[in-house]
Amino acid sequence: MKGIDDRNYWQMKNVVLITGTIFLLSCRTSIKMSIPEVFKEQATMQHVKGTGANRMSFGNVSTSRIKRGLQISNPGWKDAYYFPENFLLNQIGIQKSETIESEKSKFRYTLSDGKKHMEVFANEKKMVRKVDYEAYNSKSIFNSFEQVQQYAYLFSAVIKSDTTPNWELMMTNNYDRFKEHDTNPFTIIKRSDHGMATNGTDTIFVKPLSIQKTESADGKPGKLPFTIMSGYELSTSGGVIAVVDMIDKNIWFYNELDETERMQISAIGTALFARRIHNVNW
């Protein structure tokens, strides 16, 4: 599976792809991801309809109804087991405790272009462990503070086909304050999950894309104090083969892909759109 030459693509990507445009309309702000012209010229964009519903479609490709299992969410439980520390902290009106939140879900659907069919079976899991500090004698609205200690996100999908070997997609995002020796008390977990899909022979790498540079309505350039997750780049050893735009819900296909390869990319793209835990705020 060959994609656009990495040398040409990356020359443009560093300048354009990780930049975006913010248009200020009244009090509303929208952000758009820009695609490098060098890739646009050799790719075709398909807008994916129904990404927030139970069916998706684009071009001649459509999904069956997305069947979802029970989404299990543990909103968090506290364990104030920091007895030695709390013995001292309580003297100054502070209580320390730990909160663990977890969530998991699964879904399945069939993808078809009228000729080929693929089945997608997916699982999604997330766990967040935080330490909470509470000033219980304070009347201030800022009487509590939480610090992320550990974050683990896992998304896996099996893509089955009657005519080609099965593909397995795996996406992860992990953070551990202790292992990373992170001393920043205000660390924000980036939504930069990444991974790969493989059928045992071929491999597709899935990398997150971000937006930080902006432009206001009057054309003034600007820069956000943080990066915003905008989508994913799909590539092989031969180069970039697709871009999944999570903001405008588009998939850009490299024109040299054959029908089977386009279906494989479609299965990966729709699986990323179908997630509920990771995409809840998109």
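The values are calculated or read from the model by the stated rules, or taken from the named source; none is laboratory data. For clarity, every value in this text was computed on a predicted model and none was experimentally measured. Note that each Cβ is placed from the backbone with ideal geometry, even for glycine, and that neighbours are counted across all protein chains shown. In case anyone asks, the SASA skips ligands and DNA or RNA and just uses the protein heavy atoms, side chains included. Shrake-Rupley method; radii C 1.70, N 1.55, O 1.52, S 1.80 Å.
Scanning segment 126-159 for residues that are surrounded by fewer than 17 Cβ atoms within 10 Å (Cβ to Cβ) and within 20 Å of residue 67 (Cβ to Cβ) yields a single hit, 158.
Could you say whether any residue in segment 110-123 is part of a strand (DSSP E or B) and of a type in the set (Val, Ile, Thr)?
Looking for residues that are part of a strand (DSSP E or B) and of a type in the set (Val, Ile, Thr), one finds at least one in segment 110-123, hence yes.
Whenever a residue of segment 89-116 is under 30 Å from residue 161 (Cβ atoms), its partners that are aromatic (Phe, Trp, Tyr), lying with C-beta atoms within less than 8 angstrom and at least six residues away or across chains, give the pairs 106/121; 108/121. Counting only strands (runs of 3 or more DSSP E) that sit completely within segment 150-246, those holding 1 or more residues that are at pLDDT below 90, more than 22 Å from residue 110 (Cα to Cα) and out of contact with any Asp or Glu (no Cβ under 9 Å at 6 or more places or on another chain) correspond to 203-215, 221-236. Assessment of segment 138-148 against the conditions (more than 18 Å from residue 275 (Cα to Cα), touching a strand residue (DSSP E or B) at 6+ places or on another chain (Cβ under 9 Å), part of a strand (DSSP E or B) and among the hydrophobic types (A, V, I, L, M, F, W, C)) yields at least one matching residue. Does residue 270 qualify as being surrounded by 14 or more Cβ atoms within 10 Å (Cβ to Cβ), among the hydroxyl-bearing types (Ser, Thr, Tyr) and modelled with pLDDT of 85 or more? Here the answer is yes, as residue 270 does meet what is asked. Looking only at residues in segment 22-47 that are assigned to a strand (DSSP E or B), over 18 Å from residue 257 (Cα atoms) and under 20 Å from the mean Cα position of the chain (by Cα), the one that is modelled with the highest pLDDT is 33. In segment 60-74, what residues are in a strand (DSSP E or B) and either open to solvent by 30 Å² or more (accessible area, probe 1.4 Å) or farther than 24 Å from residue 48 by Cα (or both)? 62, 67, 68, 72, 73, 74, listed by residue number.
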